[in-house]
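In what follows, a structure is listed as structure tokens, so that the remarks can point back to it.
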Amino acid sequence: MAKFNVHKATHKEGFNLSPETKAEYLRQAEGWLARHVKKRTSVHICKALDKWSEDVRPKTFRKMRRALEYHQFIADFKDTARDIRHVERRNADVYTRSAPVCKSVKESDFVILLKDAIARKDSAMKAALAVAMYTDARPKEMVTMSYKPHPEEGLLVHVIGAKKSGEMRGLDREMHITNCPALVDAIDCITKLSLDDMTTLRKRVSDRAKALFPKRKLRPTLYSLRHQFGSDMKADDGVSRAELAVLMGHRSEYSQNVYGNHNSGSNGLRNDESGNPTPPPKVSDTSGITNKYEPPESYQKKKVSLNDRLARLQSTSPAPQGKTRRF
């Protein structure tokens, strides 16, 4: 056997993947094999993967290893798939810092991007910015969105989850959005695009941000607006973790932990093109949540101890009438 690193993970007979992910894995694996492997045997593939792993990020390596494993598994080379799964990235014990991501978009930056799209008559970019700001849809989800009038006011916007994987991951959602008339035209425009068009559009937004904010290390992207949406919703006390999970297309309430921060949020409110405040979208069905959030045990103990301390202090030394004691 070749002298490459292995780990103790066990091979799973089967893959719980969406059709889009399966197609993407096959495309990536076939291209990688054509570039790096002359003879497609288990030893040759694993040696090439081991050598290639030295110069790539951990996330890139794991994705390609998974793609190659799936490629060989459906080709009925299950032993090769198992060997590929056992290949470990070189220098795996060395910490590699992930590329930084822009997770906060100021309203002024959003306006600059929007005005740039309007000045260049880029209707697709203008539409994508509006949809990302008001619905938090992932770029791939925008092209399949639909809407209908709400019985009382506004729109019911339906978003098909891009990361659905059976009952394990991802969620379709329907949100009620009010006071945002420009959203109808934006959705009509963006749903005319294909997935390839959306990929090109994402790059165009990144290129324009680079041109508009040349001195910044972190520049806003379409996905940055999704992070900002998470921040805005976290700053709104009226939005529960379950509601935010559904709004963002998650089955787990833990997934939102990596999106935004309540300190950079705007209480759920954002302004439309005319500067009028727009209420946050609402969802009524949270039954799709399969993983409820539970605070860590250390947090629970700290909360209990603080409550005990406050009760003890208030009982022994009550605050003067009409005033509040500050601890």
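What follows draws every value from the coordinates through simple rules; no lab data is involved. What you are looking at is a predicted structure, and each value in this text was computed from that prediction instead of being measured. Note that each Cβ is placed from the backbone with ideal geometry, even for glycine, and that neighbours are counted across all protein chains shown.
From the square roots a ≥ b ≥ c of the eigenvalues of the alpha-carbon gyration tensor of the stretch 137-226, which class results: rounded (a/c under 1.5), prolate (a/b over b/c), or oblate? Note, shape of the stretch 137-226 comes out prolate. Which residues does the label zone of residue 184 cover in the stretch 107-147, counting backbone N under 13 Å from a point 7 Å along Cα→Cβ? Only 147 fall inside the zone, counting backbone N under 13 Å. A simple spin-label model places the labels of residue 79 and residue 194 4.2 nm from each other, with each point 7 Å out along Cα-to-Cβ. Rg of the Cα atoms in the stretch 23-177, relative to 2.2 N^0.38 Å, amounts to 1.44.
Other residues whose C-beta falls under 15 angstrom from the C-beta of residue 222 contribute a net charge of +4, scoring Lys and Arg +1 and Asp and Glu -1. Is the shape of the stretch 32-107 best called rounded, prolate or oblate, per the rule: a/c under 1.5 gives rounded, else a/b larger than b/c gives prolate, else oblate, with a ≥ b ≥ c the square roots of the Cα gyration tensor eigenvalues? It is prolate, given that a/c is not under 1.5 and a/b is the larger ratio. Close amide H partners of residue 147, meaning residues 5 or more places away or on another chain with modelled amide H under 5 Å apart, are 158. Equivalent-ellipsoid semi-axes for the stretch 107-278 (Cα gyration tensor, √(5λ), whole Å, largest first): 23, 19, 18. Each part gets one Cα centre, and for the stretch 200-216 versus the stretch 27-84 those centres are 33 Å apart. The label point for residue 153 and the one for residue 118, both projected 7 Å from the Cα toward the Cβ, are 2.5 nm apart. Label separation (residue 292 vs residue 311): 2.3 nm, computed from points 7 Å beyond Cα along the C-beta direction. Around the Cα centre of the stretch 107-278, unit charges on the Cβ atoms of Lys, Arg, Asp and Glu (plus for the first two, minus for the last two) sum to a dipole of about 1040 debye. Potential lengthening of the chain between residue 59 and residue 44 amounts to 3.2 nm, from the contour at 0.36 nm per residue minus the alpha-carbon distance. Remark: 45, 118 ranked as 118, 45, counting other beta-carbon atoms within 10 Å and listing the fewest first.
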